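Student: Can you keep this structure in mind? I'll have questions shortly.
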Amino acid sequence: ECDDNVVLAVLTDAAAVCLAHGLPSVAANDATAATVKNILVIDWGATGLSLTHLTNLGSSSSSNVLSTVRSTTSSSLSGSAIRTLLVKHCAQLFERKNRLPLGTIMEESKKARLKLQNVCDETLRTLSKSNSVPVTIDGLYDGLDLNVVISKPRFDVLCHSLLRQAEEILMTFAHVVPDDGNKEGETKKRQRYDAVL
């Protein structure tokens with residue numbers, strides 16, 4: 001037990017991101033700049049899409065107090081959802097090429113599905129650095145090999161539905177401004193964000 005420690009503040013993840021990027025103290029370096037009031041932090045990671053609206057309660061650029069106005073998370077837009085899209089696509093290509101009934105890999109062979117998931121995880125990491133990635137598995141199912149190439153444009157087409165869902169969530173979140181007089185979810189006016197991370 002140490003009585004000398006004093007907690008000065010508790011930071012949420014979104015507030016820590018803002019401070020790491022120098023917000024809202026960006027205006028402190030420029031006397032003519034307006035103080036950043038509203039910040040939207042977008043975090044699309046492995047666990048889902050998280051949106052957090054922060055506001056600067058400080059009255060000057062030297063006293064910045066960040067407050068979380070609202071936050072939402074959609075776990076349906078997680079990294080595993082993206083991987084599942086790629087796994088299903090590769091499985092369908094494999095089944096068509098080898099004249100197997102559709103759904104064979106995903107439904108009948110747990111071993112083949114796990115192999116494909118592991119390779120697709122690596123494919124996603126590699127695809128962020130290159131324009132196309134070969135997906136190769138020797139003996140995926142009944143001694144048959146998988147050899148397909150996934151390009152960034154093909155991947156974008158696969159993820160189109162997830163990107164649309166993310167866009168809808170973002171637009172809904174950005175346009176709703178709860179007020180004391182309004183019920184949650186009613187629109188008062190469109191919110192203008194000074195910074196989006």
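Every number in this text was worked out from the coordinates using simple rules, so none of it is lab data. What you see is a predicted model, and the numbers here were worked out from it, not measured in a lab. All Cβ positions, glycine included, derive from the backbone under ideal geometry; neighbour counts span all protein chains shown.
Student: Under 5 Å between amide hydrogens, which residues at least 5 positions from Lys37 or on another chain qualify, with H placed 1.01 Å from N in the peptide plane?
Tutor: Result for Lys37 returns Asp194.
Student: FRET efficiency for Ser130 and Leu163, Cβ-Cβ distance as r, R0 = 22 Å, nearest 0.05?
Tutor: In this case the efficiency is close to 0.60.
Student: To continue, here is another question. Report, in listed order, any pair from Lys37/Lys152; Lys115/Lys152; Lys97/Lys129 with a Cα-Cα distance greater than 26 Å.
Tutor: The answer is Lys37/Lys152; Lys97/Lys129.
Student: Sticking with this one: Along the Cα→Cβ direction, 7 angstrom out, place labels at Asn5 and Lys110. What is the inter-label distance in nm?
Tutor: Result for the modelled spin labels: 4.4 nm.
Student: While we're here: For the residue pair Asn118 and Thr73, what label-to-label distance in nm results when each label sits 7 Å from Cα along the Cα-to-beta-carbon direction?
Tutor: Roughly 2.9 nm, to one decimal.
Student: Let me ask you something else. How much FRET efficiency would the formula 1/(1 + (r/R0)^6) give for His21 and His175, where r is the Cβ-Cβ distance and R0 is 30 Å, rounded to 0.05?
Tutor: The formula returns an efficiency of 0.80 here.
Student: Could you compute the FRET efficiency for Lys152 and Lys97, with r as their C-beta to C-beta distance and R0 at 30 Å, rounded to 0.05?
Tutor: Efficiency, from the Cβ-Cβ distance: 0.85.
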